[in-house]
Amino acid sequence: MRLDVVHTTQYAYDSPVRASTQYLRLTPRDNARQSVVSWQIEAPGVPTRTTDGYGNVLHVLTVDKPVSEIRIRVSGTVETRNAYDEGADPAPLSPLVFTRPTSLTRAQAELAAFAERFRRAAGSRTGMDDLAIAILKRMPFRSGGTHAGYSAGEAFALGSGVCQDHTHVFIACCRHLGVPARYVSGYLYSEGAQVASHAWAEAWTTDRWRSFDVANGRVAGEQHIKLAIGADYLDACPIRGTRIGGGGETMVAVASVAQNQQ
């Protein structure tokens, strides 16, 4: 499947920002499930391209003059396909790197007890599928109740959430059981969908990374475009940065994914 992506993020500030640095994980890489046909970033200035410790494409955008707004737009085309697993990593990291809990993926008492129900089959594909199904049943998809700073424990206690919350809960359970698991940010093509930005998980099952799109009850397939991986949302989020000045901030992000018919 050939997919066209347009993703625009607009920041507006109450007063001029004197300086800012933003870290952009907005560029997909080729892997077993996707090939990048074309991709471009439009931003004030020229972002510096590098690679982070997880092997993600990272652009560093520095604005060193006063501005009242910043607009970042990415667009491109990606050829996707179904694949049995995620293929080789761009960075040769041990899966054990992804067994360490973070502030967003710590399994505290209630969540740890829930995870223990799946210990016997932990690390198997069937066991991880059962875990993902149980999480979605326990936490139906519901937008508006959580935000980016919600931890796995907070979302689990609330009993609902969005893809980011399902992914954090799944990762927290996996790590509690000793199974390496990591966060994936990206895009999802779904005809008529209002939200194209998406998140899912990958877990180390037996001898390879396999995907678990908990929110949709499926594996990542040709409708998914993978942008970045990390220990949690903070490692893999599309844009993260710091600024000096500006006062209050308003951020509007709009992403669309359409099937390319050519």
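Listed values, structure above:
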{"item": "Listed residues Ser75, Ser38, Ser124, most fluctuating in the chain (Gaussian network, C-alpha, under 10 Å)", "result": "Ser38"}
{"item": "Proportion of all alpha-carbon pairs of the chain beyond 28 Å (%)", "result": "35"}
{"item": "Cα gyration tensor shape of the stretch 148-262, rounded if a/c is under 1.5, else prolate or oblate by comparing a/b with b/c", "result": "oblate"}
{"item": "Over the chain, relative contact order from alpha-carbon pairs under 8 Å, at least 6 apart, %", "result": "30"}
{"item": "Cβ-defined net charge surrounding Glu110, 13 Å radius [Lys, Arg +1; Asp, Glu -1]", "result": "+1"}
{"item": "In the stretch 91-152, trypsin sites (Lys or Arg not before Pro) in a DSSP loop with at most 14 other beta-carbon atoms within 10 Å", "result": "Arg117, Arg119, Arg120, Arg142"}
{"item": "Most mobile listed residue (Pro47, Pro180, Pro28) in the chain, GNM with C-alpha springs under 10 Å", "result": "Pro47"}
{"item": "Net +/- balance of residues flanking Arg81 in space, Cβ distance below 9 Å, scoring K and R +1, D and E -1", "result": "-1"}
{"item": "Net charge, Ile72 excluded, C-beta distance under 15 Å - Lys, Arg +1, Asp, Glu -1", "result": "+3"}
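Read-outs: derived from the displayed coordinates by stated rules, not from any lab. Fair warning: this is a prediction, and the values are worked out from it, not measured in the lab. Using ideal geometry, Cβ is built from the backbone for each residue, glycine included, and neighbour counts are taken over all protein chains shown.
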